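Working notes, structure below.
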Amino acid sequence: MIHIDLTDQPIDVPAALRSVEADGAGAINTFIGTVRNKSTGRPVVRLEYEAYDSMALHQLRKVAEQAAEQWPMVENITVIHRKGTLHIGDVAVVVAVSTPHRAESFVACQYIIDTLKQVVTIWKKEFYEDGDVWVAAHP
Amino acid sequence: MNLKIALFGIAREIVGQSVLEVSAPEGQSAQGLLHDLHARYPALAGLSSLAVAVNNEYAAADTLLQERDEIALIPPVSGG
């Protein structure tokens with residue numbers, strides 16, 4: 001089962017982990033992306049995430065479906081991404097994958113977060129003491 | 001035909017609005033639209049990449065646009 005969400009509310013990480021529990025799962029692998037206090041050495045004050053909601057949800061689901069297709073033993077996948085204003089230490093994204101054995105849970109989880117970063121229509125703006133930058137916008 | 005283009009992130013800031021209405025010839029392609037927009041907003045050319053999305057999917061360069069399509073400009077994504 002695949003569960004996808006894009007929310008402007010804080011992510012309930014324990015609930016996200018519980019959502020992938022399954023009797024047939026011997027492994028639950030989780031990636032939690034959090035807001036770091038520095039970007040290329042520059043202190044970060046806060047982040048703002050903007051999303052093209054309908055496409056982001058559609059693409060997130062596609063990425064999760066690709067993982068479930070590539071590793072058919074996957075029991076459950078949950079992907080939740082924040083939008084709006086986030087501060088240092090806040091959770092920006094959670095990926096949780098349950099599988100019968102651990103090896104596939106690691107690779108499927110990594111595939112999902114790596115692919116999410118390449119295709120999902122979410123944009124991060126970093127705010128510093130003295131300015132702001134859309135991450136990855138310019139070469 | 002008239003196309004409505006949704007703009008996000010830095011593309012929204014460069015154009016100065018979140019929805020852009022443009023008139024385009026029938027049979028306009030995704031690539032043709034990008035070409036026109038680059039001419040109108042030269043700062044778009046400075047981006048690492050700029051894609052066109054049609055109905056929530058990334059569009060190939062030769063995808064033909066239609067008035068009823070949901071069209072968006074996709075600057076480099078940076079989620080996660």
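The table for this structure:
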read-out: Computed [θ] at 222 nm, helices only, for chain B once each DSSP H run of length n ≥ 4 contributes -39500 (n - 2.57); value: -6500 deg cm²/dmol
read-out: Phi-based couplings in Hz for segment A:90-104 (Karplus 6.51, -1.76, 1.60; Gly and Pro marked x); value: 5, 7, 9, 7, 10, 10, 10, 9, 10, 9, x, 10, 5, 4, 6
read-out: Principal axis dimensions, largest first and in whole angstrom, of segment A:2-129 by Cα; value: 49, 26, 25
read-out: Hydrodynamic radius of the protein assembly as shown per Kirkwood, over alpha carbon pairs, in Å; value: 18.5 Å
read-out: Relative contact order for chain B, counting Cα pairs under 8 Å that sit 6 or more residues apart, in percent; value: 39 percent
read-out: Sequence-separation-based contact order of chain A, relative, with Cα cut under 8 Å and 6+ spacing, percent; value: 37 percent
read-out: Separation of alpha-carbon centers, segment A:75-139 and segment B:39-53, rounded to whole Å; value: 24 Å
read-out: Chain A: most fluctuating residue of A:Glu129, A:Glu65, A:Glu50 per GNM, C-alpha cutoff 10 Å; value: A:Glu129
read-out: Neighbourhood charge, 12 Å Cβ-Cβ cut-off, centred on A:Val97 and excluding it, Lys, Arg +1 and Asp, Glu -1; value: -2
read-out: Dipole moment magnitude, nearest 20 debye, segment B:2-74 about Cα centre, only Lys, Arg, Asp, Glu C-beta charged; value: 220 debye
read-out: Contact surface A-B: accessible area buried, both sides summed, square angstrom, 1.4 angstrom probe; value: 2100 Å²
read-out: Pair-distance profile P(r), taking every C-alpha pair of chain B, with 10 angstrom steps and integer %; value: 19, 58, 22, 1
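The values are calculated or read from the model by the stated rules, or taken from the named source; none is laboratory data. Note that the coordinates shown come from a computational prediction; the quantities given were computed from them, not determined experimentally. Cβ: placed from backbone, ideal geometry, glycine included. Neighbour counts: every protein chain shown. Accessible surface is based on the protein model in full, side chains and every heavy atom, while ligands, DNA and RNA are left aside. Shrake-Rupley method; radii C 1.70, N 1.55, O 1.52, S 1.80 Å.
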